[in-house]
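In what follows, a structure is listed as structure tokens, so that the remarks can point back to it.
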Amino acid sequence: MSQPFPNLTDCNKGPGSYQSNRNIVLSTLRNRSSLGSYYSNATAGLSPNTVYGMFLCIGNISKTSCSNCVHSSTSGIAKYCYSHDSSFMFSDECMVRYSDVSFFSLVEDAPTSSSYSQNDSLSHPQFFNKTLPGKIDKLVLRASSSLSSPVPYFVEDQEHVTQLEGSYDLKAMAQCSPDLDPSNCTVCLGLVVEKFSECCSQSRWARIHFPKCLLRYNISALQPNLTSLGVTKGDDISGRTFIAIMIAMSQASQMLIDCNQFDNVTGTSSYLSNRDTVLSTLRNRSSIGSYSNATAGLSPNTIYGMFLCRGDLNRTSCSNCVNATTLEIYKSCFYHKSALVFSNECIVRYSNISFFTLVEDIPNTARFSPRSSFDSPQFFNRTLLEKLDELILRAPLSLSLPVPYFVEDQEHVTQLEGSYDLHAMVQCSPDLDPRNCTVCLRLAVKRLSECCSHAKFARIFFTKCLITFEISNLQPNVTSLGVTKGNEIFGRTLIAIMTALVLPLVVL
């Protein structure tokens with residue numbers, strides 16, 4: 001974990017005459033930590049001068065770090081608690097204690113130590129703790145079953161979490177002292193979880209230590225969904241406020257271009273040469289496949305790039321789109337550290353921050369026809385949403401196809417309100433795993449339901465996935481719909497909407 005955890009020493013202020021036994025116990029603990037153990041206990045002397053001691057190291061540190069921590073902690077105890085009958089020290093990597101009363105095999109709820117970040121400014125109550133408590137519960141169940149592991153009662157896990165409020169990387173660990181039995185390990189960690197819910201369930205990181213168990217977690221790579229969270233100043237968090245430029249060209253080659261307007265680079269920067277290398281690589285690879293990514297340069301001038309062509313294009317059309325798009329990037333975003341271009345046939349982007357494998361919900365673009373004058377809510381979307389659900393289920397299973405994560409279908413629909421031909425397709429970027437492909441497409445469907453589920457055609461492009469559909473050969477049942485001017489719905493007036501942090505609407 002990245003944050004400092006100060007030593008906390010607790011000394012019982014009852015003087016005693018058993019210092020020599022205490023010194024034997026502390027020396028024994030130091031020696032055993034040097035042998036590679038993460039836990040040991042020791043006893044020395046006869047009643048009433050018996051001394052009981054133990055140490056417990058965090059399960060994910062090296063044996064050398066464990067030994068160093070125990071040596072440092074015992075030295076601190078000898079310095080600050082020399083004439084005391086008991087002492088307890090929490091540090092970042094270990095716990096060390098001794099006492100004149102046996103504490104072996106007992107669950108204790110005091111003393112405790114908690115260290116955590118202040119509540120995050122994104123205080124939406126579900127932002128972190130929708131997933132975090134479930135992760136912790138799983139670790140608690142696993143910990144009590146892991147007594148025979150190389151580091152007894154120690155479990156940890158890491159995952160990338162994507163939810164409506166945003167995405168982040170979550171790393172968590174739980175550990176018990178091996179002198180507890182499995183049921184008391186669960187009891188101890190249950191006390192820690194209770195403490196966690198009181199102090200820090202909204203924090204980005206926390207470390208809670210009880211005398212016989214501990215819990216830690218850390219949240220990183222935070223990418224909030226600012227719209228969902230109600231945050232208006234996106235640049236405060238991600239530094240990604242965009243300039244949106246509409247390139248009014250032919251219908252087939254219309255483009256929406258986003259350039260990051262901050263941290264422009266100079267003409268002499270090696271960043272520009274790395275950017276040129278990435279864009280050149282993407283152009284070359286566009287003639288042999290529908291997707292590729294590229295990286296060039298060393299930090300802090302590294303450039304990451306990718307393109308994704310629609311899966312129904314031939315290689316020539318894909319290559320033409322990528323070549324035209326990269327040229328447009330040179331013209332519109334030459335001195336910018338990142339750029340993203342949506343066109344009707346491909347997506348091209350580069351950035352100084354890696355975006356590979358990540359699901360992103362902004363920016364996105366929606367192009368669609370106006371709502372049909374046949375505005376019965378069931379006219380199109382009764383079958384459309386079912387069709388999209390079917391395709392979304394199929395898409396994550398198609399990673400090994402010639403065009404990965406691309407599926408399409410066409411059918412003739414007949415229902416009470418009329419009949420029509422429905423053609424639909426969905427596609428994900430191959431750098432996503434199957435689960436995140438589904439997440440991305442669900443976000444696109446949500447966008448579609450907000451803007452254009454009653455349109456005759458629509459194209460929803462997110463940075464890592466897309467959905468398109470088109471309805472043709474429409475034969476409405478005018479009597480059922482109560483509409484007298486059916487020919488009005490055949491107009492193809494286009495509206496393009498660009499969703500970004502500072503430019504919510506662009507009309508084509």
Convex hull volume of the range 385-467 per residue (C-alpha atoms, cubic angstrom): 88
Largest-first principal axis extents, alpha carbons of the range 132-224, Å: 42, 27, 16
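With r defined as the distance between the Cβ atoms of residue 83 and residue 31 and R0 fixed at 30 Å, what FRET efficiency is calculated, to the nearest 0.05? Write out the running numbers ahead of the final one.
Numbers: r = 24 Å, r/R0 = 0.79.
Calculated value: 0.80.
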Total formal charge among the other residues, if their Cβ is under 13 angstrom from that of residue 322, Lys/Arg +1 and Asp/Glu -1: +3
Spread of Cα-to-Cα distances over 5 Å intervals beginning at zero, given as percent, for the range 34-123: 3, 12, 21, 21, 19, 12, 5, 4, 2, 1, 0, 0
Label point 7 Å beyond Cα of residue 314 along Cβ direction - residues of the range 337-353 with amide nitrogen under 18 Å: 345-346
Whole-Hz couplings from phi, Karplus 6.51/-1.76/1.60, listed for the range 108-115; x for Gly and Pro: 10, 9, 7, x, 10, 9, 10, 9
Within the range 296-312, backbone nitrogen closer than 13 Å to the virtual label 7 Å beyond the Cα of residue 270 toward Cβ: 296-303
Column: log10 I(q)/I(0), Debye, Cα scatterers of the range 434-475, q = 0.24, 0.32, 0.33 Å⁻¹: -0.78, -1.11, -1.14
5 angstrom amide H check on residue 418, placed H, neighbours 5+ away: 477
Chymotrypsin sites (Phe, Trp or Tyr not before Pro) restricted to the range 49-82 and DSSP loop, no more than 14 other C-beta within 10 Å: 82
For the range 427-432, 3J(HN,Hα) per residue [Karplus equation, 6.51 cos²θ - 1.76 cosθ + 1.60, θ = phi - 60°, Hz, x = Gly/Pro]: 7, 10, 6, x, 6, 7
Cross-link table 135/195; 387/464; 138/212, entries beyond 26 Å C-alpha to C-alpha: none
Amide H partners (placed H, <5 Å) of residue 204, local residues excluded: 117, 120
³J(HN,Hα), Karplus 6.51/-1.76/1.60, whole Hz, each residue of the range 132-140, x for Gly, Pro: 4, x, x, 4, 5, 4, 5, 5, 4
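Any read-out appearing in this document is the output of simple, stated calculations on the displayed coordinates, not a laboratory observation. All figures in this text were calculated on a predicted structure; none of them were measured in a lab. Using ideal geometry, Cβ is built from the backbone for each residue, glycine included, and neighbour counts are taken over all protein chains shown.
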